[in-house]
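Undergrad: Handing you this structure, nothing more for now.
None of the figures in this text is laboratory data; all of them are computed from the coordinates on show. From a predicted model like this one, the values you see are computed outputs, not experimental measurements. Heads up, the Cβs are rebuilt from the backbone with ideal geometry, glycines too, and the neighbour counts pull from every protein chain shown.
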Amino acid sequence: MPTTQFSLDIKKLDNFAYDMSRCIKCKGCYWVEHTYMPGVRFSTRCPSNTWNDFDAYGAFGKMRIGLAMIEGKLKWSPKLLEIIYADPLCGACDVGCKRNLDLEIGLSLEAMRVKAVQEGAGPMPAHKKVAENIAKTHNQFGAPHENRKKWLTADIKIAEKADVLYFVGCSASYVAPEIARSAAKVLNAANISFMLMPDEWCCGNTLFSVGMLDEARELAKRNIEAVKATGAKTVMLTCAEGYRMWKVDYPKLLNISTAELGFNVVHFVEAADEALKKGTLRLSKPQNVRLAYHDSCGISRLADPWTPYSGERGWMGTVNPRLKRRRGTSGLYAQPRNLIAAIPGASFVEMPRTRENSFCCGAGRGTKEAFPDLASFSAKHRLEEVREVGAETLVSACPWCKNNFSQAVRQNGDNIKVVDIAELISASL
Amino acid sequence: MAISKKAYNALESIVGAKYITDDPAVCEGYRSGPGGYESGLGYERVMTKIPACVVLPRTTEEVQRIVKVCNRYSVPYVPYSTGFYGPRSHCHVENELLVDLKRLNDFEIDEKHMYAVVGSGVIYSPLQEEAMKRGMYVIIGGGGAQASVIANLIGDGWSPLSHRIGLPHRRILGTELVLPDGELVKMGSLAVGEDPFWGDGPGPDLRGLLRGFTGLRGCLGIVTKMAVKLLPFQPEKPMPTGIAPNTALALPEHRMKWINYQVPNKAAQVKAMFEISKAEIAGAVTKVPLFWRAIAKAECKEEFWDLWGKENEETIKNFHIVRVLLIGFTSEEQMKYDENVLNDIMAELGSQPRATKPSDESWIKNADSAGMWLMCGSYVSVDYIIETLSHAVQHGEAYADLKKKYTPPLMPDYGDPGWFQSFELGHQGYSEFLVYWDQDEDTTGVDHFYVETSKMNIRNRFYTSLLGPHQPLYLTGPKYGPNYHQWLLKVKDEFDPLWVCHPPTPLAHDVFVEKAEWMKSIKDWEVPKKFPMPKWE
């Protein structure tokens with residue numbers, strides 16, 4: 001039996017031809033995993049295909065389209081670009097497929113975007129604007145670079161030198177500064193000494209996610225060098241998108257493993273949970289509120305560390321050397337729930353779709369910029385679950401989620417309060 | 001690829017611009033293969049086409065109007081609920097309309113009278129969850145929890161839990177069927193009122209027309225609504241546990257329990273099933289292919305082959321399992337009683353219980369059919385019969401013998417005779433034979449094997465369920481009837497005189513054999529010079 005060389009390199013869509021050709025339309029990518037199926041309502045976990053019912057918008061349709069792209073059967077068109085980019089790449093499809101089939105759905109979708117950029121068709125105009133902003137101002141909103149640390153208040157203690165470096169990210173620096181402030185206050189209260197990057201730039205999440213690998217790689221190199229220059233042992237983030245970018249996609253861009261980064265990447269919920277367990281973080285102020293928690297994709301099903309792989313595929317599709325598949329099992333599912341459970345007076349309720357079955361808010365990975373309708377639809381759809389369980393407050397662990405949900409709440413005229421978990425913890429200090 | 005502008009405009013006026021498309025990229029998403037059930041084979045390559053247009057109706061009335069437009073403008077169409085059933089549920093001719101039924105997702109449940117009314121887009125696991133919330137259950141067919149309830153019930157619809165419940169015909173209650181010309185037929189009690197509580201109604205019972213034994217694959221109209229019988233379950237809900245991929249339903253220990261028994265030989269295996277059935281105990285009694293155990297144990301494809309590669313013909317021949325699910329439907333005491341009776345039966349047969357997990361991964365809510373593709377990448381259940389237990393065993397062994405000739409390209413399974421089990425408390429025996437291969441290999445052998453199984457069934461007088469649309473009609477029809485094929489074609493002509501509904505089914509496999517050069521060497525049956533149907537390409 002002849003063997004085929006392949007790797008998990010998203011620069012070549014052909015690397016995923018096997019995976020795309022073995023999609024069986026079981027729609028494990030689309031439905032909530034059947035064991036956890038909550039009923040007739042809230043039965044799907046794919047924002048794209050819930051937003052647009054045609055099969056092309058589900059991963060099972062995109063796998064067929066990806067093959068046609070390899071075979072040169074489809075011409076670039078606005079509709080094809082919409083199919084490829086109207087998708088928050090939330091990883092629901094990937095973990096769904098890997099429940100049974102171990103196909104590399106998430107990487108195939110990323111590789112389709114890379115191909116779009118390679119061939120000059122992608123990304124979308126809104127993404128090009130983000131790229132321009134980053135090139136000019138080092139943040140994706142085009143805000144003045146000198147305002148990046150404006151979120152800091154006098155009562156926050158920042159160390160000159162510390163093992164932990166808090167990478168704030170564009171969203172918490174410019175759009176949701178309350179998250180950065182809250183996180184810093186929690187770290188201060190827990191006696192976790194931390195520093196900031198002397199000159200923080202965008203992590204490049206959107207650039208990477210829309211297929212602009214060269215631009216994203218330059219930012220990755222720059223940021224990794226900047227961290228190394230500080231001597232930090234741990235990079236901590238409050239942004240789930242940034243966490244995924246640093247932990248998974250920087251190594252992917254540089255063809256190294258997460259372990260080879262030379263420092264740890266953690267999310268705020270890990271640091272706070274650890275402090276809670278050690279007893280250095282004490283939550284004493286009651287909050288008499290009914291809470292639901294939204295698992296942000298970047299710290300849940302997309303959180304498995306990266307290891308480069310190249311090998312050969314042979315008889316019955318088996319690969320050599322063995323491949324440790326990323327199935328989303330490293331997701332930070334317990335930590336945020338531990339933290340919420342520790343808040344005096346708070347009543348926590350799970351939504352019908354949780355953990356790896358969560359329904360993405362729809363904002364991430366270039367979606368809100370290019371397809372605001374999809375982002376809004378997705379957030380509103382998720383808010384129906386919040387109402388279903390009667391929660392007064394929705395907690396997330398990412399500024400992208402918070403902003404998107406907050407906008408949807410305003411549009412709906414809901415009285416649901418949306419907070420980041422850092423704010424929630426800070427309010428109980 | 002296109003349908004006429006007039007036809008497109010007429011369809012658009014029915015569903016609105018948002019729910020119709022002829023965009024090539026969107027239509028490409030409806031390609032049948034190359035992966036999937038029965039895909040990566042000659043039939044899929046030769047017989048399936050990308051739709052020229054896709055339409056997403058929301059109501060029965062919209063479906064009726066779409067079908068009438070198709071008849072008016074001679075547009076061939078195929079009904080499509082989830083697309084999981086491989087090439088046979090996809091477009092077969094050029095310029096065809098695919099009617100995607102996923103938006104027909106209405107759901108109602110009548111707890112008092114124990115039935116649910118579902119649209120074509122409703123799949124099994126939500127139905128099961130809604131039923132279990134109310135102390136009832138359905139059988140999730142072997143097609144899987146992701147299968148459309150309606151599509152599965154008019155095709156297959158059985159699982160190990162069929163030990164208790166039996167054939168799906170009996171769970172089909174009031175039903176709405178849009179005939180190929182757009183006329184609406186209401187079946188069962190729906191024919192005389194709005195309440196679909198009863199399957200039998202005045203006039204002929206058309207459930208036989210809907211499904212026969214295993215369905216007509218969408219060539220005789222579109223079922224848009226069906227009331228499905230729900231059955232009483234035990235009251236404690238099995239709870240989901242774990243994070244994917246290691247998820248399962250934790251079973252309430254005093255109410256539900258799987259037990260695997262190792263039995264000394266094949267005769268004891270069959271006897272155990274008869275005795276358990278005679279005692280009228282258990283919720284499921286089954287023997288599944290042994291490689292499924294390796295699938296359940298393996299973390300990945302490579303590990304599966306490590307495990308399965310250690311087996312050989314001897315180990316498989318001498319390893320006999322009976323898998324029993326106990327359910328305390330009425331009480332904990334009832335389950336205890338069932339377990340005591342079961343232990344007595346199995347002890348008398350010299351059988352030993354083996355350690356069994358207190359959970360269910362496969363049959364109650366998940367029905368994990370997608371796992372079948374893990375090993376090789378390509379799969380089809382090539383045949384199933386519903387006859388007697390003794391017959392089921394012979395059927396499986398004959399299959400295993402025939403399969404040897406076609407291994408490779410078929411996966412080595414060391415002579416495993418497939419899956420067999422009791423249906424309807426042993427009054428029927430079920431046998432299913434599943435085959436696996438790698439679609440990147442030369443699959444001519446798989447194409448041949450598929451048709452050769454029909455010849456084997458005819459030779460051995462096995463009563464196969466896969467007649468009509470699944471095999472060459474002119475091969476199987478004269479032998480099962482003797483004029484089964486003529487009768488079926490008359491029914492088709494009567495209900496669909498233009499053959500707009502999923503052409504060329506039920507002659508699709510006949511057309512495939514004619515078109516595929518590599519099938520000529522095994523074609524030794526008579527066919528007419530011209531198939532009696534309109535030509536679509």
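Undergrad: Please state the charge dipole magnitude for the protein assembly as shown, taken about the Cα centre, from unit charges on C-beta atoms (+1 on K and R, -1 on D and E), reported in debye and rounded to the nearest 20. Before the final figure, lay out each step's value.
TA: Working: 114 positive and 114 negative charges, 267 e Å.
Here the protein assembly as shown has a charge dipole of around 1280 debye.
Undergrad: Which order do the peptides A:269-282, B:366-379 come out in when sorted by mean C-beta neighbours inside 10 angstrom, highest first?
TA: B:366-379, A:269-282
Undergrad: Taking amide H positions as placed in the peptide plane 1.01 Å from N, state which residues far from B:Leu326 in sequence (5 or more) or on other chains have amide H under 5 Å from it.
TA: It is B:Lys257, B:Trp258, B:Ile259, B:Gly283, by chain and number.
Undergrad: Work out the FRET efficiency for A:Ala229 and A:Lys150 from their Cβ-Cβ distance, taking R0 = 25 Å, and round it to the nearest 0.05.
TA: Using R0 = 25 Å, I get an efficiency of 0.60.
Undergrad: Which shape class, rounded, prolate or oblate, goes with the stretch B:9-124 when its Cα gyration tensor gives a ≥ b ≥ c as root eigenvalues, a/c under 1.5 marks rounded, and past that a/b bigger than b/c marks prolate?
TA: oblate
Undergrad: Which of the peptides B:95-106, B:437-448 is most tightly packed, and how do the rest follow, judged by the mean count of other Cβ atoms within 10 Å per residue?
TA: For the peptides B:95-106, B:437-448, the packing ranking is B:95-106, B:437-448.
Undergrad: Then there's this: Under a point-charge model restricted to the Cβ atoms of Lys and Arg (+1) and Asp and Glu (-1), what is the dipole moment magnitude of chain A relative to its Cα centre, in debye to the nearest 20?
TA: So the dipole magnitude of chain A works out to roughly 320 debye.
Undergrad: Where the Cα atoms of the protein assembly as shown are projected onto their three principal axes, how long is each span, largest first, in whole Å?
TA: 91, 69, 61
Undergrad: Can you give the translational diffusion coefficient of the stretch B:171-328 in µm²/s, computed by Stokes-Einstein from the Kirkwood radius over Cα pairs at 10 °C and 1.306 mPa s?
TA: Details: Rh = 20.1 Å.
My calculation gives 79 µm²/s for D.
Undergrad: Could I ask something else about it? Towards the positive end of the charge dipole of the stretch B:197-354, with charges on Cβ (+1 Lys, Arg; -1 Asp, Glu), say which of B:Asn318, B:Ile243, B:Leu216 has the farthest Cα.
TA: So the residue we want is B:Leu216.
Undergrad: Given the -39500 (n - 2.57) contribution per DSSP H run of 4+ residues, what per-residue ellipticity at 222 nm results for the protein assembly as shown, rounded to the nearest 500 deg cm²/dmol?
TA: Value at 222 nm, helices only, nearest 500: -10000 deg cm²/dmol.
Undergrad: Counting residues in the stretch B:289-352 as N, plug N into 2.2 N^0.38 Å and put the Cα Rg over that result.
TA: For the stretch B:289-352, the normalised Cα radius of gyration comes out at 1.54.
Undergrad: Another one. Per the Kirkwood definition applied to all pairs of different Cα atoms, how many angstroms is the hydrodynamic radius of the stretch A:193-346? If you can, show how the numbers build up before the last one.
TA: Details: mean 1/r = 0.0573 Å⁻¹.
Over the stretch A:193-346, the inverse of the mean reciprocal pair distance is 17.5 Å.
Undergrad: Still on this model: Of the cross-linked pairs A:Lys73/B:Lys5; A:Lys79/B:Lys535; B:Lys102/B:Lys365, which ones have a Cα-Cα span greater than 26 Å in the structure shown? Before the final figure, lay out the partial values.
TA: Numbers: A:Lys73/B:Lys5 24 Å; A:Lys79/B:Lys535 33 Å; B:Lys102/B:Lys365 20 Å.
Checking Cα-Cα distances, A:Lys79/B:Lys535 exceed 26 Å.
Undergrad: Normalised by the residues of chain B, what does the relative contact order come to in percent, with Cα pairs under 8 Å and at least six apart?
TA: 16 percent
Undergrad: Now for a separate question. Can you tell me the relative contact order of the stretch A:226-312? Whole percent, Cα pairs under 8 Å, sequence separation 6 or more. Intermediate values should be presented prior to the final figure.
TA: Details: 84 pairs, mean separation 37.2, N = 87.
So the answer I get is 43 percent.
Undergrad: Something else now. Would you mind giving the mean number of other chain beta-carbons within 10 Å of the Cβ of each residue in B:77-87, as a whole number? Don't skip to the answer; put the middle values down first.
TA: Working: counts 0, 0, 0, 1, 0, 7, 7, 5, 1, 2, 0.
Across the residues of B:77-87, the mean count of other-chain Cβ atoms within 10 Å is 2.
Undergrad: Any idea how far the Cα center of the stretch A:270-305 sits from the one of the stretch B:424-440, in Å?
TA: Computed from Cα coordinates, the inter-centre distance equals 48 Å.
Undergrad: To continue, here is another question. Over all directions, average the projected area of the Cα convex hull of chain B and note it in nm².
TA: For chain B, averaging the hull's shadow over all directions gives 23.9 nm².
Undergrad: Can you give me the three principal axis dimensions of the stretch B:390-512 from its C-alpha atoms, in Å, biggest first?
TA: 48, 42, 23
Undergrad: Would you tell me the mean number of C-beta atoms belonging to other protein chains that fall within 10 Å of each C-beta in B:298-305, as a whole number?
TA: Per-residue shielding by partner chains comes out at 5.
Undergrad: Could you list, in their original order, any pairs among B:Lys490/B:Lys529; B:Lys68/B:Lys186; A:Lys115/A:Lys228 whose Cα atoms are separated by more than 23 Å? All intermediate terms of the calculation are to be shown ahead of the outcome.
TA: On the way: B:Lys490/B:Lys529 18 Å; B:Lys68/B:Lys186 18 Å; A:Lys115/A:Lys228 32 Å.
Long pairs (Cα-Cα over 23 Å): A:Lys115/A:Lys228.
Undergrad: At a 10 angstrom cut-off on C-beta neighbours, averaged per residue, how do the peptides B:217-224, B:48-55, B:109-116 rank from highest to lowest?
TA: Taking the mean over residues of other Cβ atoms within 10 Å, the ranking is B:217-224, B:48-55, B:109-116.
Undergrad: Which Cα, out of B:Gln234, B:Gly36, B:Tyr19, lies furthest along the positive dipole direction of chain B (beta carbon charges, K/R +1, D/E -1)?
TA: Going by the Cα projections, it comes out as B:Tyr19.
Undergrad: Which net charge results for the neighbourhood of A:His138, defined as the other residues with beta-carbon distances under 10 angstrom from its beta-carbon, given Lys and Arg at +1 and Asp and Glu at -1?
TA: +1
Undergrad: While we're here: Among B:Leu342, A:Ser310, B:Ile3, which residue has its Cα positioned farthest towards the positive end of the charge dipole of the protein assembly as shown, with +1 placed on the Cβ of Lys and Arg, -1 on the Cβ of Asp and Glu, and the dipole taken about the Cα centre?
TA: A:Ser310
Undergrad: How much of the DSSP bridge set in the protein assembly as shown is antiparallel, in percent, rounded to the nearest 5?
TA: The answer is about 70 percent antiparallel.
Undergrad: Going by how many other Cβ atoms sit within 10 Å of their own, how do B:Trp363, B:Trp518 line up, fewest first?
TA: B:Trp518, B:Trp363
Undergrad: Just counting partner chain Cβ atoms within 10 Å, what average do the residues of peptide A:326-333 show around their Cβ?
TA: The mean count of partner-chain Cβ atoms within 10 Å per residue comes to 2.
Undergrad: Moving on to the next point. Considering chain A, what Rg and Dmax in Å follow from its alpha-carbon atoms?
TA: Rg, Dmax (Cα atoms, Å): 20.8, 68.
Undergrad: With +1 on the Cβ of every Lys and Arg and -1 on the Cβ of every Asp and Glu, and nothing else charged, how large is the dipole of the stretch B:313-418 about its Cα centre, in debye rounded to the nearest 20? Each step should come with its number before you reach the end.
TA: Details: 9 positive and 17 negative charges, 76 e Å.
Computed charge dipole of the stretch B:313-418: roughly 360 debye.
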